[in-house]
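The values are calculated or read from the model by the stated rules, or taken from the named source; none is laboratory data. Every value quoted in this text rests on a predicted model; they were computed, and no experiment measured them. All Cβ positions, even for glycine, are placed from backbone atoms using ideal geometry, and neighbour counts span all protein chains on display.
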Amino acid sequence: MSAPNFAAPEYWAPEYSTPEKAAPAAPPYTEAPNPLPFKPPMHKYISLSPRNHGELNLKIVDAQNIQARANSGSSPRTGTTFQIMPPLYKEGDEVAANNMNSPFYKSNKDRLVSIQTAKNPPTYLRHSGYQLRNHPYEESSLFRLDSTFYMNKEESDDGEYYTFRAINFHSLYLMTESDMKIYLRQADDSETLRERASFVLHELSPTDQPTKSPTDPPTKSPTDPPTKSPTDPPTKYPTDPPTKYPTDTPTKYPTDTPTEWVSVYTKGTLSETYAEDNLFNAIWAQSPNQILRRKCLVCASTHQDIYYRRFDTSGLPSGFDLLDLVLNNWFSDGKINHNTFNVDFKLYSTYDDALNDKNQWKSCNFNDPGVGFPRDCGPTGYISHQ
C-alpha cells in the first residue's frame, strides 16, 4: 500500500467493542527454548518492569490503563504489586476464541497464568481493545480468555526475562509502547520488538507484600456511643412524588460515543501511526455499527469530524481495502464496486447522526487516482481541499 499523502493533520479510527472473534493469525516471533520446563511462580507476589525500562514498574493508573511508571510512595505499593495465579480459563471457553491455537495449548497449558492485583477485593489484568486493562472479575468466557496468558521465561547474557502471550490471540504478546502503556501486539525476531515484549519479574519479600488485614486492630467498642434514635425522624412520604412517565423519551440507539475508538492512522500534530491491513481488518470486524471516524484539526468546521458508516450485512466485501480507499484512492462506481454513495455507505457530521441514520451528507465525488477521502464531499454541496 503506498504511503498516504495528506497536507492536514488527521486521525482515522474505527468504532470498536471488545472482540468475541480474534484477529487473523500472523506468525509469532520464535520464543527462546528453555533448557528445563518452565513452571510459573504461582501465588507469588511480584512487580514487573519492561525489559527496556528497568527503572520503571507496571502500575495501575486507573481501570483503563496499566502504565510503566517510576516508583513513588511507601511500601507496600498496591498499585504495582501483582500475584501470579492459576489461569481463569476453563475448558470450553475456547468456543469464544476463534484464534486459539489448540495444538499449542495442549503442549503449553502448564504455562497458563492469570495476573491478579493486590487490591481487596482483587481485580485482574486483561486485554481489551488490544490494550492491557485492570477490571473486576466477570463471569464470562470472554473475560476469562482475555485474562489468561502463556507465561514464558527467556534467559540471555544480561538476565532472565518473561513474556506474556494471549491465549485467544495466540500470535500477540503484551508489549510496552512509547507511551509506556501495555498493548497486545505482534512481535517478531527483531531485537527491538523482543525487548518491548519482555518483562523483568521482581519477586517481593513478605515485608514488601500488601497486608491481608488492617495493620491496627479494631477497637473493642465504638469510641462514641450510638445515638438512641435517629436525630431526624424519617419523612412519611417522599418529598417529591415520582413522575408518572419518564421525563425524557429514550433514544432509539445509544447517544454516547462507543467505549473506544481505535486509532489506525494518524499524521501531523496527532503523531504518526499506520495500522497494518490485517490488524485494521480485525478491528473493523468488531465495529458494532461499522463506523469509521475521521478527525482533522485544521480543516473547515464542516470537515473537522466526519463519520463514514457502511451498511454491509456480513462484513466488508471480499477483497475490499477500506483503509486504502479512504487514505489513497477514494473510488466509487466505475472504478470499484461496493462503495456507492448513500447506498453502500453514508457520511455524517456527528456520531449520533450516524447511529440514527439521519442528516446524511448530500454531495460526494470520487475516482481521482491518488486522492483519498473526502475529495470534494460536503454536507450540502462540494467543498474542496479538505
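Numbers for the structure displayed
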quantity: Selection from segment 374-386 of residues that are buried (at least 16 other Cβ atoms within 10 Å of the Cβ) and in contact with a Cys (Cβ under 9 Å, 6 or more places away or on another chain); calculated: PRO374, ARG375, ASP376, CYS377, GLY378, ILE383, GLN386
quantity: Test for THR148: is it of a type in the set (Ser, Thr, Tyr) and surrounded by 21 or more Cβ atoms within 10 Å (Cβ to Cβ); calculated: yes
quantity: Residue satisfying condition, being assigned to a loop (DSSP other than H, G, I, E, B) and not acidic (Asp, Glu), within set LYS119, LYS153; calculated: LYS119
quantity: Residue in segment 297-314 that is under 25 Å from ASN278 (Cα atoms) and of a type in the set (Gly, Ala, Ser) present; calculated: yes
quantity: Cβ pairs under 9 Å, 6+ apart, first in segment 24-53 and outside any loop (DSSP other than H, G, I, E, B), second of a type in the set (Gly, Ala, Ser) and modelled with pLDDT under 85; calculated: TYR45/ALA118; TYR45/SER205
quantity: Any hit, segment 348-365, residues being under 18 Å from LEU323 (Cα atoms) and within 31 Å of the chain's Cα centre (by Cα); calculated: no
quantity: Some residue of segment 157-172 being over 18 Å from SER198 (Cβ atoms) and in contact with a Lys or Arg (Cβ under 6 Å, 6 or more places away or on another chain); calculated: no
quantity: Given (1) at pLDDT 80 or above; (2) out of contact with any Gly (no Cβ under 7 Å at 6 or more places or on another chain); (3) closer than 29 Å to ALA282 by Cβ, index of the condition ALA96 fails; calculated: (1)
quantity: Checking ASP305 against (1) surrounded by fewer than 20 Cβ atoms within 10 Å (Cβ to Cβ); (2) within 23 Å of the chain's Cα centre (by Cα); (3) within 26 Å of LYS335 (Cα to Cα), the condition it does not meet; calculated: (3)
quantity: Residue, modelled with the lowest pLDDT, within segment 166-197, restricted to residues that are under 15 Å from PRO50 (Cα atoms) and of a type in the set (D, E, K, R); calculated: GLU191
quantity: Flag if GLU138 is assigned to a loop (DSSP other than H, G, I, E, B) and out of contact with any strand residue (DSSP E or B) (no Cβ under 7 Å at 6 or more places or on another chain); calculated: yes
quantity: Pairs where the first residue, in segment 94-122, is aromatic (Phe, Trp, Tyr) and the second is at pLDDT below 85, C-beta under 9 Å, 6+ apart; calculated: PHE104/HIS170; TYR105/GLU94; TYR105/HIS170
